[in-house]
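Undergrad: What follows is a structure written as structure tokens; I'll ask about it next.
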Amino acid sequence: MKIDQYKIDQHNDSLLSKHNNQFIFIKEQLGEQGINANDVVKALEAFQVAIPSWALGTGGTRFGRFSGGGEPRSLEEKVEDVGLLHALNRSSGSISLHIPWDIPEQAQSIINLATSLDLKFDAVNSNTFQDQKNQEHSYKFGSLSHVDPKVRKQAVEHNIEVIKYGKDLGSKALSIWLSDGSCFPGQSNFVKSFQNTLESLQEIYAALPDDWKVYVEYKAYEPNFYSTVIQDWGSSLLFCQKLGAKADVLVDLGHHLPNANIEQIVATLMMEGRLAGFHFNDSKYGDDDLTVGSIRPYMLFLIFVELVEGMKRANRASDTYAWMIDASHNVKDPLEDLLQSVEAILLSYAQALIVDRKKLEQARIQNDVVLAQQILQNAFRTDVRPLVRESMRLSGGAIDPIGLFRNLSVRSELMNERGKVTVATGL
Ligand code: RM4
Ligand code: MN
Ligand code: MN
């Protein structure tokens, strides 16, 4: 299914006068604070969030999975789904593949399809946390850190193969999340595990093309419940520093121990120039992979305050980082959920862009704690939705992407095309 531009235009026409009133209101409000609303809208238009190929179907837990209808049955259909999202919000212009869940057998035809939908290929992800059919050695006790060099070699070769798939598609980064660790005290030697992992990563690093990056993602626990080799941002940074300039740290919001100050982690990584990008999601307990901004929107905003500051300090544009949604949709329609997540990201970004940074710095110098808090909360409590809607409208998307998705009955169309019981590859 493809959404014709005239349907988006019709939808926008029907909402335009209400939207214009709301936009003019916030424009004036921001103008009084010396902020140009059009500049904020431009920054929002430039912010693109990648969609992972494994999040287009229904997710599940270890207890079960309740499939929705019309799930994509092939990589082509996944690309088409991301095309639908991008047509609606013009902010989801790339797709990130997980190998071997989604192997691009016919690279050129997949590229052609993606290009026709105005999509690019983001980082490619390797998978050494599951065993595949016909795999010679098992990853039950680890992969890049394994005690047996034959297993490590197999895992290294897999990563190099993933780079090859990515090269064919025009990707520029390999993203590694390593589940290696141990479940019980005594099971593994921390130092040897680290050293084995480093050697394996060095071999992968050596196979990276010159213009590529490798993203090293950390996670505190799960699937291992006693220790994880790359458990936190410090371990990840240590690996990156030992590897070289092409390795950066990837932050997944759900991968921290409870109450971690993620915004401070982000500030530090940006100060060191080692932030690769983000896997956005939200959580209440652990790596819940819920819709972005659904549980802790204030935290997301505070993270964006640091992101905006860090980008400015480094004089780097937002498209020089890798932004992706890494969520799982257990009870919602995956496409609607992804639209909600992208919107939440843009809302937080918009709020962070309207923080009065000069005043904030002055308040800090004067130790005016009350004022500093108020400045941040003023921005957070501003209804910036008209700014996000305007950015989508100006770039050719819909003023209300989810509303239009429903009006056009996209899901039932997909069920007619693909069937009611289809299961997408992924988690
Ligand atoms: C992990 C991690 C990785 C993702 C897998 C599916 O928890 O977030 O980024 O690729 O899940
Ligand atoms: Mn992740
Ligand atoms: Mn995760």
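The values are calculated or read from the model by the stated rules, or taken from the named source; none is laboratory data. Just so it is clear, the model here is predicted, and its values are computed rather than measured. Counting neighbours? That spans all protein chains shown, and the Cβs are built from the backbone with ideal geometry, glycine included. We work out accessible area using only protein heavy atoms, side chains counted, and drop any ligands, DNA or RNA first. Shrake-Rupley method; radii C 1.70, N 1.55, O 1.52, S 1.80 Å.
Undergrad: Between the range 166-182 and the range 225-289, what's the alpha-carbon centroid distance in Å?
TA: For the range 166-182 versus the range 225-289, the Cα centre distance is 15 Å.
Undergrad: Counting C-alpha atoms alone, how compact is the range 246-361: give Rg to one decimal and Dmax as a whole number, in angstrom.
TA: 14.0, 43
Undergrad: About its Cα centre, how strong a charge dipole does the range 323-427 have in debye, to the nearest 20, once Lys and Arg get +1 and Asp and Glu get -1 at the Cβ? It would help to have the intermediate numbers written out before the result.
TA: Working: 13 positive and 13 negative charges, 28 e Å.
The dipole magnitude comes to about 140 debye.
Undergrad: Pick out, from Ala55, Asn21, Val40, the residue whose Cα sits farthest towards the positive end of the charge dipole of the range 3-90, with +1 on the Cβ of Lys and Arg and -1 on the Cβ of Asp and Glu.
TA: Of the options given, the answer is Ala55.
Undergrad: Another question, if that's okay. On a 1.4 Å probe surface of the protein chains, which of Trp101, Trp323 comes out largest in accessible area, and what is the full order?
TA: Working: Trp101 35, Trp323 5 Å².
Per-residue accessible area, sorted high to low, gives Trp101, Trp323.
Undergrad: Next up: Let me understand the chain better: what is its radius of gyration from the alpha carbons, and its Dmax, in angstrom?
TA: Values for the chain (Cα only, Rg and Dmax): 21.9, 67 Å.
Undergrad: If amide hydrogens are placed 1.01 Å from N in the peptide plane, which non-local residues have theirs closer than 5 Å to the one on Tyr218?
TA: HN-HN under 5 Å from Tyr218: Leu250, Asp252.
Undergrad: Right, here's the next one. How many times 2.2 N^0.38 Å is the alpha carbon radius of gyration of the range 296-427?
TA: On the way: Rg = 18.9 Å, N = 132, 2.2 N^0.38 = 14.1 Å.
Against the compact-globule rule of thumb, the ratio is 1.34.
Undergrad: What 222 nm value per residue comes from the helices of the chain, counting each DSSP H run with n ≥ 4 as -39,500 (n - 2.57) and dividing by all residues, nearest 500 deg cm²/dmol? Don't skip to the end; give the middle numbers.
TA: Working: 15 runs with 207 residues, N = 427.
Estimated from H runs of four or more residues: -15500 deg cm²/dmol.
Undergrad: Along the charge dipole of the chain, pointing to its positive end and built from +1/-1 on Cβ of Lys, Arg, Asp and Glu, which listed residue (Leu269, Leu144, Leu338) has its Cα farthest out?
TA: Leu269
Undergrad: Which length gain, in nm to one decimal place, applies between Arg62 and Asn21 when the Cα-Cα distance is subtracted from 0.36 nm times their residue separation? Don't skip to the end; give the middle numbers.
TA: Values: separation 41, 0.36 × 41 = 14.76 nm, distance 4.78 nm.
Result for the pair: 10.0 nm of gain on full extension.
Undergrad: Heads up, I need the accessible area for Arg418: 1.4 angstrom probe, whole protein in place, Å², nearest 10.
TA: Its accessible surface works out to 10 Å², give or take rounding.
Undergrad: In whole Å, what are the extents of the range 155-286 along the principal axes defined by its C-alpha atoms, from largest to smallest?
TA: Extents along the principal axes, in whole Å: 39, 33, 24.
Undergrad: Grab the other residues whose beta carbon is less than 12 angstrom from that of Ser391, score K and R as +1, D and E as -1, and report the net. All intermediate terms of the calculation are to be shown ahead of the outcome.
TA: On the way: positive: Lys42, Arg90, Arg385, Arg389, Arg393; negative: Asp39, Glu45, Glu343, Glu390.
Spelling it out: positives minus negatives among the neighbours equals +1.
Undergrad: Would you check the accessible area of Leu427, probe 1.4 Å, heavy atoms only, in square angstrom rounded to 10?
TA: 120 Å²
Undergrad: I want to check the label-to-label distance for Val423 and Gln202. Put each point 7 Å from Cα in the C-beta direction and report it in nm to one decimal.
TA: Here the answer is 4.3 nm between the modelled labels.
Undergrad: Now for a different question. List the residues whose amide H sits under 5 Å from the amide H of Lys213, counting only those 5 or more places along or on another chain, with H placed 1.01 Å from N in the peptide plane.
TA: Those qualifying (amide H under 5 Å, at least 5 residues apart or on another chain) are Ala173, Leu174.
Undergrad: Please compute the modelled spin-label separation between Asn112 and Phe141, points set 7 Å along Cα→Cβ, answer in nm with one decimal.
TA: So the label points at Phe141 and Asn112 sit 4.9 nm apart.
Undergrad: Could you do me a favour and compute the accessible area per residue for the range 49-198, 1.4 Å probe, result in Å²? Mind dumping the intermediate values first?
TA: Values: 6580 Å² over 150 residues.
Per-residue value: 44 Å².
Undergrad: Per 0.36 nm of contour for each residue apart, how much would the distance between Val191 and Gln241 grow if the chain were fully extended, relative to their Cα-Cα spacing? Kindly include the intermediate steps, with their values, before the conclusion.
TA: Working: separation 50, 0.36 × 50 = 18.00 nm, distance 1.71 nm.
Value of the extension gain: 16.3 nm.
Undergrad: Taking the Cα centre of the chain as origin, work out the dipole magnitude from +1 charges on Lys and Arg Cβ and -1 charges on Asp and Glu Cβ, in debye rounded to 20. Don't jump to the answer; show the numbers that get you there.
TA: Details: 43 positive and 54 negative charges, 72 e Å.
The dipole magnitude comes to about 340 debye.
Undergrad: Tell me, what is the FRET efficiency for Phe129 and Ser74 to the nearest 0.05, using R0 = 30 angstrom and their Cβ-Cβ distance as r? Each step should come with its number before you reach the end.
TA: On the way: r = 23 Å, r/R0 = 0.77.
In this case the efficiency is close to 0.85.
Undergrad: What does the charge add up to near His146, with Lys and Arg as +1, Asp and Glu as -1, over the other residues with Cβ less than 10 Å from its Cβ?
TA: Numbers: positive: Lys140, Lys150, Arg152, Lys153; negative: Asp148, Asp180.
Charge balance in the 10 Å sphere: +2.
Undergrad: Explain nothing, just the number: dipole magnitude of the range 170-283 about its Cα centre with +1 on each Lys and Arg Cβ and -1 on each Asp and Glu Cβ, in debye rounded to the nearest 20.
TA: Numbers: 7 positive and 13 negative charges, 39 e Å.
That gives a dipole near 180 debye.
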